[in-house]
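Q: Dumping the structure here so I can ask a few things about it.
Values in this text are rule-based calculations from the coordinates and carry no lab data. What you see is a predicted model; the values in this text were computed from it and never measured.
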Amino acid sequence: MNSANLRILHLIPTYSDLVAMRQQQAIALSTIKLRGTYSLIKMDWVVQHKFK
C-alpha cells in the first residue's frame, strides 16, 4: 500500500467510530430530555407552591 491509499483509508470512519458517534448522540439526547423534564417538574412545583 502506498501512502496515498493509507491517507484515504484513514479519512473513512470505521464502523466502531460510527457506533461511538451514535452512542454519544444518544447520550446527549437523553441528557437534554432529562434536563427538560427536570425543569418542567421544577416549574410545576414552583407554580403549585406559589399559588396555594
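Q: Starting from the Cα-Cα distance between GLN24 and PHE51, subtract it from 0.36 nm times their residue separation and give me the gain in nm to one decimal. Don't skip to the answer; put the middle values down first.
A: Working: separation 27, 0.36 × 27 = 9.72 nm, distance 4.07 nm.
Stretched out fully, the GLN24 to PHE51 stretch lengthens by 5.6 nm.
Q: Would you kindly derive the ³J(HN,Hα) couplings of region 2-9 from the backbone phi angles with the Karplus curve 6.51 cos²θ - 1.76 cosθ + 1.60 (θ = phi - 60°), listing them in order in whole Hz, with x for Gly and Pro?
A: 8, 5, 4, 4, 4, 5, 5, 4
Q: Same structure again: Go ahead and estimate [θ] at 222 nm for the chain from helices alone: -39,500 (n - 2.57) per DSSP H run with n ≥ 4, summed, over the residue count, rounded to 500. Walk me through the intermediate numbers first.
A: Values: 2 runs with 45 residues, N = 52.
The helix contribution divided over the chain gives -30500 deg cm²/dmol.
Q: Could you state the per residue volume, in Å³, of the convex hull enclosing the Cα atoms of the chain?
A: Hull volume over Cα atoms, normalised by residue count, gives 53 Å³.
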